[in-house]
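Encoded as structure tokens, the structure appears first; notes follow it.
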Amino acid sequence: MMTIEVDLHSDTQTRPSEGMRHAMVSAEVGDEQRGEDPSANRLCELATELTGKESAVFMPSGTMCNQVAMIVHCQPGDEIIADKTSHIINSESGGAAALAGAQIRSVDGVRGVFTAEQAEEAINSVKRNFPRTSMIEIEQTSNAGGGSIWPLETICEVADVAKRHGLAMHMDGARLLNAVVASNVTASDFGAPFDSLWIDLSKGLGCPVGAVLCGSKDFIEQAWGWKQRLGGAMRQSGVIAAAGIYALENNIERLAEDHASARRLAEGMEEVSGIEVWPVETNLVFFDLKKTGLTAKDFHERLLKRGVRIGIKSKYEMRAVTHLDVSMDQVNRAVDAVADVAAGA
Ligand SMILES: *Cc1c(COP(=O)(O)O)cnc(C)c1O
């Protein structure tokens, strides 16, 4: 296998740092299922302080957070409104159908962000033969939309529509903290219009595993029941919760460095003939390379030969992600590699 020297494939590639590993080794632990793991409890407390929600539950993954939220907010046969690019539609193995028994109506947003008007149009009127619309989901930041930030104003307008129609609002906050750092809006301000939201610990925050789902006491109580049923209830999870505590205490502000690296990467690639870079708002850099005459698959392979890994998004589009294990020097090397490949070198 080729040695990967610069890995821009995903922010899931982050490895636990020395400091994080140390926190894990010395974590206080107990039986999480019995509410007796002090580290898991502390992590949930920190998450509620951060998001302004009443209660929280530690989950093994962000996917489980989305799944549990859909199960709690929906009845079988219900409909969820989400952007066409959303993770719940494209990347959760059909979980909404398989577990919540719900179907998802996709909305055609711009870079993953749709308007209140589009949300309202997607809501079914109450009729025996229509699926009952019960929830609106948004992704902060939009992953397949290119790391785009949902403006707080747009969120509030969508939430008003939800409120008028009695729908639940759920945020897939896999990269909520990237949006927070990039826009200077607090997590609790972003979170206020939502009934439930979660943050991922295993992406840019650098943990090996985990996510925290937040909401009202009643919602989290129901979420706990599903965590238990789905086999997500753990025992001495403090070992991994400690990584989450470390991340919330040390790795939030530094996301700004990832955003600066992403901007540098974008600026460098904009200079390359044949490459068109999408607008960059956070740590995701999408680019179109059709004009180079190469497909993303060819481009990917040629970059790998130069030790640089960048993901394939579609036939002519790629997705590069900056994160805590990517230095500015590595970003510059990636730009050089992209320029060489585009030039047919
Ligand atoms: C990664 C991701 C998820 C899933 O999180 P896991 O912790 O990998 O299960 C969900 N939504 C979005 C937008 C993501 O980027």
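Within the range 1-27, the set of residues being among the charged types (D, E, K, R) and surrounded by 15 or more Cβ atoms within 10 Å (Cβ to Cβ) comprises Asp7, Asp11, Arg21. Screening Glu49 on (1) within 27 Å of Phe219 (Cβ to Cβ); (2) surrounded by 19 or more Cβ atoms within 10 Å (Cβ to Cβ) shows it passes everything except condition (2). May I ask you to verify whether Gly173 is out of contact with any Cys (no Cβ under 8 Å at 6 or more places or on another chain), within 16 Å of the ligand (Cβ to nearest atom), within 27 Å of Ala98 (Cα to Cα) and not aromatic (Phe, Trp, Tyr)? Here the answer is yes, as Gly173 does meet what is asked.
Might you check whether a residue that is surrounded by 21 or more Cβ atoms within 10 Å (Cβ to Cβ), within 15 Å of Val6 (Cα to Cα) and charged (D, E, K, R) occurs anywhere in the range 314-331? Yes, the range 314-331 contains a residue that is surrounded by 21 or more Cβ atoms within 10 Å (Cβ to Cβ), within 15 Å of Val6 (Cα to Cα) and charged (D, E, K, R).
Out of the residues in the range 82-94 that are free of Cβ contacts under 8 Å to residues at least 60 places away in the same chain and touching a strand residue (DSSP E or B) at 6+ places or on another chain (Cβ under 7 Å), state the one that is surrounded by the fewest Cβ atoms within 10 Å (Cβ to Cβ). Ranking the candidates gives Lys84 first.
For (1) touching a helix residue (DSSP H, G or I) at 6+ places or on another chain (Cβ under 8 Å); (2) assigned by TED's automatic domain parsing to the domain that holds Ser183; (3) within 16 Å of the ligand (Cβ to nearest atom), each residue gets a yes or a no:
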{"position": "Glu120", "(1), (2), (3)": "yes, yes, no"}
{"position": "Ile123", "(1), (2), (3)": "yes, yes, no"}
{"position": "Val126", "(1), (2), (3)": "no, yes, no"}
{"position": "Glu137", "(1), (2), (3)": "yes, yes, yes"}
{"position": "Gly147", "(1), (2), (3)": "yes, yes, yes"}
{"position": "Leu152", "(1), (2), (3)": "yes, yes, no"}
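Against the definition (within 16 Å of the ligand (Cβ to nearest atom) and buried (at least 18 other Cβ atoms within 10 Å of the Cβ)), how does Trp226 come out, yes or no? Considered against the rule, which asks whether it is within 16 Å of the ligand (Cβ to nearest atom) and buried (at least 18 other Cβ atoms within 10 Å of the Cβ), Trp226 comes out as yes. When Ala97 is tested against (1) more than 16 Å from the ligand (Cβ to nearest atom); (2) in contact (Cβ under 8 Å) with a residue 12 or more places away in the chain; (3) within 25 Å of Gly109 (Cβ to Cβ), only condition (2) is not met.
The residue of the range 52-66 that is surrounded by the fewest Cβ atoms within 10 Å (Cβ to Cβ), among those that are within 16 Å of the ligand (Cβ to nearest atom) and outside any strand (DSSP E or B), is Ser61.
The values are calculated or read from the model by the stated rules, or taken from the named source; none is laboratory data. Note that the structure is a prediction, hence the values are computed from the model and not measured. Cβ coordinates were reconstructed from backbone atoms using ideal geometry, including for glycine residues, and neighbour counts include every protein chain displayed.
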